[in-house]
Amino acid sequence: MTELILDEPTRRLCAAIADGSLAPVRLAVVAPGEYGKTALLDHLGSLCDSTKIRLVDDAHLLGEDELSALGELASDENMGLVVAARPRPRPAGLTELLGRMRGQIVLRPFDLRQVEQVVGAERAAAVHARTGGVPGLVTRRDIAELGHSLDHSDPATLRLLTAIEAGADFELLAEDFDDVAGQIELARATGLLGQDGTLLPVAVSALRTVVPVEQRDAVRRRLAELSLLRGGPLLPMARNWLGEGLSGTYCAGFFTSAAGEALAAEPALAARLYSAAVDAGTPAGEIGARWAEAAARSGDLDTALRLADQTVANREAEERRDAAGVAAVALAHRGSLDRSAELHRWARAGSFAAIGFFGTGRLTEALAQLGGSDEDAPPTLLSGAIDAMARGIAESVTGSPAVALSTLVSAAELLEPVGDSVLLPDTPAALAAIVALHSGELSIAEPVLSRALASGSGGVILAARHRLLLAWIAMVRGDLTLAEERLAAAGSALEPRDWLMSVALEVGLARRRSDLTALRRIWGQACEAVIRHRVDLFTLLAFGEFEVAAARLGDEARIAPHLKQARDLVTALGDPPLWSAPLHWSGLHAAILAEHPAEAEQHVAALGDFPPALSAAARSWLRVLRGDVDAVEVEAAARGLHAAGLWWDGARLAGQAAIRTSDRKAMVSLLDCARALRGDPEPESTEDAVAPKLSDREVEVAELVLDGLTYKQVGERLFISAKTVEHHMARMRQRLGASTRSDLLSHLRELLTR
């Protein structure tokens with residue numbers, strides 16, 4: 001130590017010893033190692049006459065004869081005596097000697113200000129945290145010096161410190177040491193334990209540097225054995241042992257048991273612990289399914305599928321069916337619902353298998369799996385929720401949509417208390433939301449999804465699905481900003497099923513904003529997404545959005561095979577209205593954009609009367625396209641869509657009808673309706689709301705010109721000549737009363753955004 005730092009009482013005491021005012025001196029200095037006893041004695045030695053005072057260091061190491069001699073010296077009133085010792089060990093002679101002292105010099109850890117005096121202000125906080133302010137540790141420049149001190153420690157004390165560094169608690173230490181309390185006191189006397197009994201960080205580093213790996217591993221193996229015999233929590237120690245390359249029967253069992261503890265709340269940690277168990281010697285086939293489940297629940301589906309497949313292929317593995325269930329869940333997230341259903345059937349998970357078969361149009365197989373779960377399984381909340389989820393989907397296909405939605409919502413509520421710790425291919429909340437979206441019950445869908453997010457239903461791998469469905473609800477309501485926020489919250493590292501929905505949302509947002517540039521930009525990803533994810537019942541909303549976008553871009557051929565699969569799937573299920581209606585609704589709008597009136601009429605006829613809002617709006621659309629605009633009927637249909645949650649669609653119907661009517665009064669009324677359904681403020685005057693009528697072709701030309709295309713490019717896109725495009729623009733300029741091209745574009749932009 002370059003400079004001894006003493007508190008004021010100790011400094012005054014040293015001065016009194018030096019000037020003789022305290023004679024004869026009989027003082028003890030009892031403190032743990034590294035507290036500065038030797039430095040204090042050196043300081044006194046530099047101040048005092050060595051012929052008048054005896055300074056004794058490390059008295060706890062002296063033998064009985066030496067202690068006896070010091071006892072005789074303590075009887076000499078002409079000689080001062082200062083004895084320094086650690087609190088432990090405490091031989092009888094030392095106890096007797098200390099009893100003859102008349103006072104004690106107290107040494108304490110440095111506070112932050114004192115540490116700052118040694119190492120400077122910048123390093124003070126960090127050094128204080130690492131050393132606990134223990135003076136000798138604060139002043140050490142090299143951890144090797146502390147290692148040298150540890151090398152000379154009693155073997156039992158060093159073993160105890162190593163066990164504490166490994167995470168052993170008092171009860172576990174008591175299993176391995178005869179006098180654990182005494183051993184802990186000896187360890188505390190080293191100065192390496194904090195006030196709370198934990199090792200100081202600098203001591204942890206020193207032990208890991210000094211103690212040979214084989215000795216540290218031996219201590220850990222012994223602790224693993226004792227922990228397994230005792231029972232109780234293993235995770236506190238197991239966290240610290242990861243990555244240390246431990247092996248042996250007890251360590252393998254220790255890691256396996258610790259992973260089981262972590263699985264429910266910390267699946268990522270559980271996966272690492274299962275990996276450590278295999279490295280330690282546990283056969284992978286014994287824990288493959290549990291390891292795969294942990295990986296899947298932490299979002300690592302690649303590892304989950306690899307482990308599950310290896311376990312299923314291992315005929316000796318006891319967890320083959322469980323592993324098949326994990327693989328089935330992963331494949332559902334990956335967009336292979338058909339293969340997922342088959343694996344669930346093999347795993348005897350009848351309810352999940354039924355949902356998968358319904359989702360892929362295999363009606364007979366789905367019905368055969370209903371109620372096919374293990375009859376001996378206890379009637380838990382989880383099993384009840386899963387069975388209800390399957391019954392709800394069955395009802396949506398073969399029965400009443402209202403009953404289906406009610407059943408799925410009940411299943412979602414049943415799962416909430418336990419759903420954050422189970423591995424699921426889908427949640428009842430997500431399926432309830434999809435059914436609600438199909439039936440126009442958005443006011444039911446949103447709270448179900450919000451509760452699922454709040455309760456963590458389905459764990460981390462299903463959080464994005466819930467957020468994406470919430471974004472979809474916002475989009476169809478016309479709240480595009482909120483939809484974008486919810487889409488962003490879902491993240492970008494998505495599995496194929498979620499990525500499909502994410503891309504469909506981007507497509508839908510671009511279309512609703514009439515942003516043709518953005519729509520073209522995302523369209524390539526949309527085409528990739530439909531290739532990566534096979535059509536299933538629960539993705540029809542996304543494929544419907546792609547159908548309308550394809551028509552808008554004139555790229556129907558690329559999406560046509562997938563749409564045929566979607567319609568074939570619904571047909572295989574008997575054309576249940578709940579599932580077929582949205583397909584016909586999107587088909588209607590695609591036909592409108594593609595100018596295929598006969599196809600549009602087919603979709604209107606196929607819609608029938610379910611749901612009422614869609615069927616009424618579809619019929620109204622047909623009449624509007626023919627130029628037969630009944631403002632009262634259109635407003636009723638538009639408000640019906642709004643009531644069903646399709647706010648944007650309702651506003652669009654009213655707005656398009658306003659563009660196509662020649663009745664000025666009807667135009668104003670319909671524009672007011674569209675504005676109200678969108679939630680826009682009222683215009684300053686009725687005249688501001690009046691928009692001239694544009695033909696369908698003029699609308700298309702205007703949109704493309706506003707997107708920045710030249711007349712030639714517009715003509716190529718619409719298969720007309722550039723001269724015809726120019727004529728369309730001239731007529732619109734005259735009708736709108738625009739004096740310049742920029743004025744015309746401004747009028748068109750305002751008109752089309754209405």
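FYI, it's all coordinate maths here, none of it is from the lab. Source: prediction; values computed, not measured. Don't worry about glycine lacking a Cβ; one is built from the backbone with ideal geometry, like all the others, and counts go over all protein chains shown.
The orientation-averaged shadow of the Cα convex hull for the range 276-386, equal to a quarter of the hull surface, comes to 7.5 nm².
Charging the Cβ of each Asp and Glu at -1 and of each Lys and Arg at +1, and nothing else, the dipole of the chain about its Cα centre rounds to 2300 debye. Please name which of Pro87, Gly147, Gln117 has its Cα lying farthest along the dipole of the range 1-153 towards the positive end, using unit charges on Cβ (Lys, Arg +1; Asp, Glu -1) and the Cα centre as origin. Among Pro87, Gly147, Gln117, the one farthest towards the positive end of the dipole of the range 1-153 is Gln117.
Across the range 445-591, how large is the tail of the calculated P(r) beyond 27 Å, expressed as a percent of all Cα pairs? Before the final figure, lay out the partial values.
Working: 2042 of 10731 pairs.
Counting pairs separated by more than 27 Å, the tail of P(r) holds 19 percent.
For the range 694-754, the relative contact order works out to 32 percent when only alpha carbon pairs closer than 8 Å and six or more residues apart are counted. Oblate is the label for the range 8-104, because a/c, from the alpha-carbon gyration tensor with a ≥ b ≥ c as root eigenvalues, is 1.5 or above and a/b does not exceed b/c.
About its Cα centre, the dipole of the range 694-754 is roughly 180 debye, where the only charges are +1 on Lys and Arg Cβ and -1 on Asp and Glu Cβ. Qualifying GluC sites (Glu not before Pro) in the range 584-685, where qualification requires a DSSP coil assignment and no more than 13 other C-beta atoms within 10 Å, comprise Glu595, Glu684.
Taking every pair of alpha-carbon atoms in the range 694-754, give the share separated by more than 19 Å as a whole percent.
On the way: 361 of 1830 pairs.
Within the range 694-754, distances greater than 19 Å cover 20 percent of Cα pairs.
Relative to the longest principal axis of the Cα atoms of the chain, the long axis of helix 722-736 lies at roughly 90 degrees.
Summary value for the chain: 6 percent relative contact order, contacts being C-alpha pairs under 8 angstrom separated by 6+ residues.
Measuring nothing but alpha carbons in the chain and taking Rh as the Kirkwood radius, the Rg to Rh ratio lands at 1.22.
Trypsin sites (Lys or Arg not before Pro), restricted to the range 458-545: which are DSSP loop and have at most 14 other Cβ atoms within 10 Å? Before the final figure, lay out each step's value.
On the way: sites: Arg465, Arg467, Arg477, Arg486, Arg497, Arg511, Arg512, Arg513, Arg520, Arg521, Arg532, Arg534; in loops: Arg477, Arg513, Arg534.
In loop regions of the range 458-545 (DSSP not H, G, I, E or B), the sparsely surrounded trypsin sites (Lys or Arg not before Pro) are Arg513.
Cβ under 13 Å from Ala452's Cβ, Ala452 left aside: what net charge do those residues give with Lys, Arg +1 and Asp, Glu -1? Mind showing how you got there, number by number?
Working: positive: Arg451, Arg465, Arg467; negative: Glu413, Glu416, Asp420, Asp426, Glu446.
Its environment carries a net charge of -2.
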